[in-house]
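S.K.: One structure, as structure tokens, below. Some questions next.
The values are calculated or read from the model by the stated rules, or taken from the named source; none is laboratory data. Remember, predicted model here, so these are calculated numbers, not experimental data. No Cβ is skipped: glycine too gets one built from the backbone with ideal geometry, and neighbour counts run over all protein chains shown.
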Amino acid sequence: MAGGLIALALRRARPELVVALVEAEDVLGGNHRWSWFGSDLDKAATKLLAPFRKTEWSGYDVRFPARKRTLGARYFSLASSDFDTALRRELAQDCIQPGSPISALDACGIDLDDGTRFTARAVIDCRGFVPGTSLRGGWQVFMGRHLRTARPHGVERPVIMDAAVPQHGAYRFVYTLPLGANELFVEDTYYADEPVLDRGVLSSRIDAYCTDAGWEGEILGGETGILPVITGGDFAAFQAASRTPGVAVAGARSGMVHPLTSYTLPHAAQTAQLVAENADLAGVQLASVLEAQARRVWRQTGFYRMLGQMLFGAAQPDNRYRIFERFYGLPEPLIERFYAARSTLGDKARILSGRPPVPVSRAVGALLSSREPLTAQHPKKDISS
Ligand SMILES: Cc1cc2nc3c(=O)[nH]c(=O)nc-3n(C[C@H](O)[C@H](O)[C@H](O)COP(=O)(O)OP(=O)(O)OC[C@H]3O[C@@H](n4cnc5c(N)ncnc54)[C@H](O)[C@@H]3O)c2cc1C
């Protein structure tokens with residue numbers, strides 16, 4: 001995704017440059033659905049995403065045991081198949097190199113598995129997040145199902161969080177997007193201590209949720225994810241571990257991510273603009289510009305890592321939902337700035353003030369404690385049961 005947006009931004013700003021978008025798979029963007037709030041993107045990023053066919057809504061709902069609310073923000077969702085289609089349409093014919101796994105890269109080019117070498121003035125590594133020992137946190141584990149319902153489902157707006165469901169030892173919520181009158185995307189999400197995705201269990205919970213809601217029909221597809229929720233760590237060490245000298249790093253691999261939601265699309269769109277503005281730099285300098293940007297994002301998002309620490313550490317897993325239940329009672333502009341990772345000092349004070357949703361002693365304990373490393377030694381488990 002990050003690589004595709006960079007190629008698109010360069011095509012717009014500097015069509016004379018020769019750019020290669022090298023991807024191991026046959027399609028661009030994998031099997032994903034990316035969603036975001038209108039307020040997550042600035043004007044330039046909104047323009048960059050304009051050519052992609054996407055679904056959009058005005059307003060969304062949240063549900064908790066003691067709170068239901070409809071909010072007014074605009075919400076967008078982009079399927080990876082539409083991402084692939086638009087890039088093939090917008091980019092130069094010979095730019096996209098699908099089915100090309102890279103075996104090695106350096107400041108002057110890349111080597112493919114089949115021995116082909118591409119040389120380049122600048123190389124940007126967008127090969128996804130690398131688990132390691134330097135960052136700490138928990139996990140967001142989810143399974144989504146794309147459904148065509150036999151009858152119109154009647155859901156008017158996205159339900160971004162329905163946490164009025166059994167919690168099963170995590171912060172669990174169900175996320176529903178009405179993609180059409182007879183089309184739904186239903187996702188079961190867990191803020192969990194362990195990176196374990198049990199397909200059989202999650203699938204049967206989605207079945208139960210759909211049955212309760214009266215949604216029956218044909219399954220058109222789905223997605224699964226195990227994403228890191230970063231609560232702290234040594235960012236310099238993380239950068240050192242994912243760095244190849246002279247090679248720029250972008251996307252999830254760069255650590256430019258919203259620590260609590262694990263969303264990277266807004267940062268990726270911003271990075272794409274930054275690359276386009278600095279397209280004349282040598283690769284080594286471009287690498288420094290993106291590294292500095294990632295450090296800036298890390299500094300600016302400390303508040304969200306602290307909230308993540310409280311979410312995982314202060315609340316018993318089945319009570320984690322109370323933190324979001326209280327949060328969703330706050331004014332809507334504050335909620336929008338939170339998702340855009342642009343909370344003001346006043347917002348932060350407001351989020352932390354008032355009667356805490358978790359006991360103060362546990363909250364303080366959580367802030368002083370350290371969570372597990374987001375590491376490969378803590379392997380992701382994708383279980384088919
Ligand atoms: C199911 C799912 C849903 C998500 N939903 C959202 C969302 O709604 N909003 C949001 O902002 N974020 C979302 N995320 C999180 C994050 O934004 C995405 O993972 C996003 O795609 C990350 O972008 P990226 O470009 O860094 O990595 P990717 O999009 O994963 O791209 C990395 C690419 O590198 C390729 N690659 C890896 N190794 C090699 C190699 N050796 N040679 C060649 N190619 C290689 C991979 O095939 C892949 O296509 C979601 C993640 C998942 C898994």
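Let's see how each residue does on (1) under 30 Å from Gly308 (Cα atoms); (2) in contact with a strand residue (DSSP E or B) (Cβ under 6 Å, 6 or more places away or on another chain):
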position	(1), (2)
Asp114	no, no
Cys126	yes, no
Val130	yes, no
Gly137	yes, yes
Met143	yes, yes
Pro152	no, no
Ala170	yes, yes
Thr176	yes, yes
Gly180	no, no
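S.K.: Before we move on, is Ala20 more than 15 Å from the ligand (Cβ to nearest atom) and touching a residue at least 40 places away in the same chain (Cβ under 8 Å)?
M.R.: Details: more than 15 Å from the ligand (Cβ to nearest atom): no; touching a residue at least 40 places away in the same chain (Cβ under 8 Å): yes.
It is false that Ala20 is more than 15 Å from the ligand (Cβ to nearest atom) and touching a residue at least 40 places away in the same chain (Cβ under 8 Å).
S.K.: Also: Could you please find all residues in segment 206-228 being of a type outside the set (Gly, Ala, Ser) and within 23 Å of the chain's Cα centre (by Cα)?
M.R.: Ile206, Leu220, Glu223, Thr224, Ile226, Leu227, Pro228
S.K.: Okay, moving on. Yes or no: segment 103-118 includes at least one residue that is modelled with pLDDT under 95, hydrophobic (A, V, I, L, M, F, W, C), assigned to a loop (DSSP other than H, G, I, E, B) and surrounded by fewer than 17 Cβ atoms within 10 Å (Cβ to Cβ).
M.R.: no
S.K.: State whether one or more residues within segment 44-66 are of a type in the set (A, V, I, L, M), away from the ligand (no atom under 16 Å from the Cβ) and more than 30 Å from Asn319 (Cα to Cα).
M.R.: yes
S.K.: Say we look at segment 79-100 and pick out the residues that are touching a residue at least 60 places away in the same chain (Cβ under 8 Å) and part of a strand (DSSP E or B); which of these is nearest to Glu156 (Cα to Cα)?
M.R.: Ile96
S.K.: Moving to a separate point now. Identify, please: which residue in segment 194-240 is within 16 Å of the ligand (Cβ to nearest atom) and in contact with a Pro (Cβ under 8 Å, 6 or more places away or on another chain) and is, among those, farthest from Val165 (Cα to Cα)?
M.R.: Ile230
S.K.: Next question, about the same structure. Which residue pairs have Cβ atoms closer than 7 Å, lie 6 or more positions apart in sequence or on different chains, and pair a first residue in segment 157-168 that is closer than 17 Å to Arg322 by Cβ with a second residue that is assigned to a loop (DSSP other than H, G, I, E, B)?
M.R.: Here the result reads Ala164/Pro65, each pair linking segment 157-168 to a residue that is assigned to a loop (DSSP other than H, G, I, E, B).
S.K.: On to the next question. Given the structure, is Ser39 under 25 Å from Leu105 (Cβ atoms) and touching a residue at least 24 places away in the same chain (Cβ under 8 Å)?
M.R.: Answer is no for this residue.
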